[in-house]
1. Being at pLDDT below 90 and not in a helix (DSSP H, G or I) is the filter here, so list the residues in the stretch 113-144 that pass it.
2. Looking at the structure I just gave you, is Leu330 closer than 23 Å to Val169 by Cα, open to solvent by less than 70 Å² (accessible area, probe 1.4 Å) and touching a helix residue (DSSP H, G or I) at 6+ places or on another chain (Cβ under 8 Å)?
3. Can you give me the number of residues within the stretch 371-385 that are touching a helix residue (DSSP H, G or I) at 6+ places or on another chain (Cβ under 8 Å) and open to solvent by 30 Å² or more (accessible area, probe 1.4 Å)?
4. Give me a count of the residues in the stretch 353-367 that are among the β-branched types (Val, Ile, Thr) and out of contact with any helix residue (DSSP H, G or I) (no Cβ under 6 Å at 6 or more places or on another chain).
5. Consider the stretch 47-78. How many of its residues are at pLDDT below 75, open to solvent by 20 Å² or more (accessible area, probe 1.4 Å), within 20 Å of Ala230 (Cβ to Cβ) and not acidic (Asp, Glu)?
6. In the stretch 112-165, which residue that is farther than 24 Å from Val300 by Cα and touching a Gly at 6+ places or on another chain (Cβ under 8 Å) is most open to solvent (accessible area, probe 1.4 Å)?
Amino acid sequence: MHDQTVLLVEVGALLLGLGLLGRLSRRIGLSPIPLYLLAGLAFGHGGILPLSASEEFFAVGAEIGVILLLVMLGLEYSASELVGNLRSAAPAGLIDGLLNALPGAAFALLLGWGWLSAVVLAGITWVSSSGVIAKVLADLGRLGNRETPVILSILVIEDLAMALYLPLVTALLAGIGLFGGAQALAIAVATVIVVLVVAIKYGHVISRMFAPQDPEALLLGVLGLTLLVAGLAAGLKVSAAVGAFLVGIALSGPVAHHATELLSPLRDLFAAVFFVFFGLATDPADMPPVLLPALGLAVVTMGTKVLTGYLAARRVGIALPGRWRTGLALMPRGEFSIVIAGLAVTSTGAAIEPQLAPLATAYVLITVVSGPMLARLPDMRWFKDWLRRKAQASALKPAPAVD
């Protein structure tokens, strides 16, 4: 009984504090994400006042938070839009992998950490945080912007790539050999294909399972289906985020519209829990020795993400402000980077550089704190004026001579 009392006090006090921080952030025109993370650091391992009784609650809530962020993103788009966006964004996905995975691998090799650590760090620097970016786009009111499908397509390609990368890297870390790695990869590929086909071909059948005019049944049904599919996907070593996103894609019409309204408050609650848990699980004392290397890596790979988004948006004809919004929105790394680092730390079959985990944590925190703030740059007057001058200068340039 005492443990339950402590749990209620810790959760209640932290949620109340998050509510006040969220209100403060909106008064000063800042995304609440950095404040949520700092709150987690303050009350996590090595923080000012560690909260132990509620750690398990926040761990489960954090997983639900990512799942809800992704299903809500999926509800914004239809299956046909997804397929079209994935086809058009395939080259951007390739550029994204090259520009953002290679710096991580090169960084590990330069430090002498070996090829396996290089493979792990490549994944950490490659994948943007779908959860953080979904929250930023919602906070900034950009879900309906023309560049948002481009951002979404890159995120989906990354998540699908992770569905293949994670089983492979798990096999490498476990040292189970080529056959074990190939088997894990085959299961992941088959699972992704099955879920995609069901979402695209039979989405209308799934939507008929729910009654949009009954809010209680709709909320329970959609939430239950989302968690079920996400759990099955995770159990098959495929991203739970991919499963949740495809559930959102599969639902359509009035069901999708009403589900969005019903799930929005839950998304906001558990998204805040996700960001707090990220801070709670981090010991600030581990980060100072690797802070400078992490900062250097973050500066380089945040720049490559901006370039990735800029090129992807330009390729589909989006104007200059939208290109910058795309690139700046893609900078935060998050849940996948931490999962990859966690796999490396807990592996028993292969030796991994001990500094990799604290470096990954510091790196992710730098990108998650600075990314949402930098994503606001295109909305600032001085940035808009700079873009306007740049566009005018470009329009005044004489056309090249033709022989």
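1. Trp113, Gly114, Ser129, Leu140, Gly141, Arg142, Leu143, Gly144
2. So Leu330 does not fit the description; no.
3. 4
4. Here the count works out to 1.
5. Qualifying residue count, the stretch 47-78: 1.
6. This residue is Arg146.
The values are calculated or read from the model by the stated rules, or taken from the named source; none is laboratory data. Values in this document were obtained by computation on a predicted structure and should not be read as measured data. Cβ: placed from backbone, ideal geometry, glycine included. Neighbour counts: every protein chain shown. These accessible areas exclude ligands, DNA and RNA; they are computed on the full protein's heavy atoms, side chains included. Shrake-Rupley method; radii C 1.70, N 1.55, O 1.52, S 1.80 Å.
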